[in-house]
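*Asks:* This is the structure I want to talk about, given as structure tokens.
The values are calculated or read from the model by the stated rules, or taken from the named source; none is laboratory data. Everything numeric here is computed off the predicted structure, so don't read it as measured data. In this analysis, Cβ positions are derived from the backbone assuming ideal geometry, glycine residues included, and neighbour counts consider all displayed protein chains.
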Amino acid sequence: MTTLHLETASEAQTEALGRRLAPVLPTLHLIYLRGPLGAGKTTFVRGLLRGLGHGGPVKSPTFTLVEPYQIGAVSLCHFDLYRIADPRELEFLALRDYIGSDAICVFEWPERAGALLPRPDLDVMIRPSNNEGREVQVQALTQAGAAALGAFS
């Protein structure tokens, strides 16, 4: 499938990258965000939400595990699974209901879910590089993801 390799030089550019991807979000259902602590995953999500028109605060769902957003007709659910020790804990989140809905589901730390999550449309890896810079790899893993990346680039 299609893979994009991008670099950002600052937190503002990482957010701007998320904004650039926002127009293709309604064609997607599941996005994984990977990378170490402090890599900029929530900053990227803030950009996605700003690009969709959300003007309110965007907080990391590290303690709430999920933050739902409704922007016009688009629903986006931002998950942070960092604190999940056992994938069975996700049963209490009604994970299947979220994934079975029309919402765009964005997961930070998806590997913590084990095999409970289906294959994502996009798998985004964010890694720190020079000072505030980031290396961002966006890989399409479904046809919808490939079409979205084709429209994005």
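*Asks:* Give the range 101-116 a look and list any residue that's of a type outside the set (D, E, K, R) and part of a helix (DSSP H, G or I), or say none.
*Replies:* Correct list: Pro110, Ala113.
*Asks:* Here's another thing I want to ask about it. For a quick check of your reading: which helices (runs of 4 or more DSSP H) sit entirely within the range 1-100 and have at least 2 residues that are within 22 Å of Glu111 (Cα to Cα) and modelled with pLDDT of 95 or more?
*Replies:* Of the helices (runs of 4 or more DSSP H) lying wholly inside the range 1-100, those with at least 2 residues that are within 22 Å of Glu111 (Cα to Cα) and modelled with pLDDT of 95 or more span 41-52.
*Asks:* Does Val66 meet the test of being touching a residue at least 60 places away in the same chain (Cβ under 8 Å) and either aliphatic (A, V, I, L, M) or surrounded by fewer than 17 Cβ atoms within 10 Å (Cβ to Cβ) (or both)?
*Replies:* Considered against the rule, which asks whether it is touching a residue at least 60 places away in the same chain (Cβ under 8 Å) and either aliphatic (A, V, I, L, M) or surrounded by fewer than 17 Cβ atoms within 10 Å (Cβ to Cβ) (or both), Val66 comes out as no.
*Asks:* Does Ile31 qualify as being β-branched (Val, Ile, Thr) and touching a Cys at 6+ places or on another chain (Cβ under 9 Å)?
*Replies:* yes
*Asks:* Right, another one. Can you tell me which of Val24, Val74 is among the β-branched types (Val, Ile, Thr), surrounded by fewer than 20 Cβ atoms within 10 Å (Cβ to Cβ) and under 27 Å from Glu135 (Cβ atoms)?
*Replies:* Val24
*Asks:* While we're on this one: Given the conditions (1) buried (at least 19 other Cβ atoms within 10 Å of the Cβ); (2) farther than 25 Å from Thr142 by Cα, which single one is not true for Leu52?
*Replies:* Every listed condition holds for Leu52 apart from (2).
*Asks:* Could you check how many residues of the range 77-104 are under 11 Å from Leu116 (Cβ atoms) and in contact with a helix residue (DSSP H, G or I) (Cβ under 7 Å, 6 or more places away or on another chain)?
*Replies:* 4
*Asks:* Among the residues of the range 126-135, are any surrounded by fewer than 19 Cβ atoms within 10 Å (Cβ to Cβ), of a type outside the set (Gly, Ala, Ser) and either closer than 20 Å to Thr2 by Cα or at pLDDT 95 or above (or both)?
*Replies:* Yes, the range 126-135 contains a residue that is surrounded by fewer than 19 Cβ atoms within 10 Å (Cβ to Cβ), of a type outside the set (Gly, Ala, Ser) and either closer than 20 Å to Thr2 by Cα or at pLDDT 95 or above (or both).
*Asks:* While we're on this one: Looking at Leu90, Leu21, can you tell me which residue is free of Cβ contacts under 8 Å to residues at least 40 places away in the same chain, aliphatic (A, V, I, L, M) and at negative phi?
*Replies:* Only one candidate passes the filter, namely Leu90.
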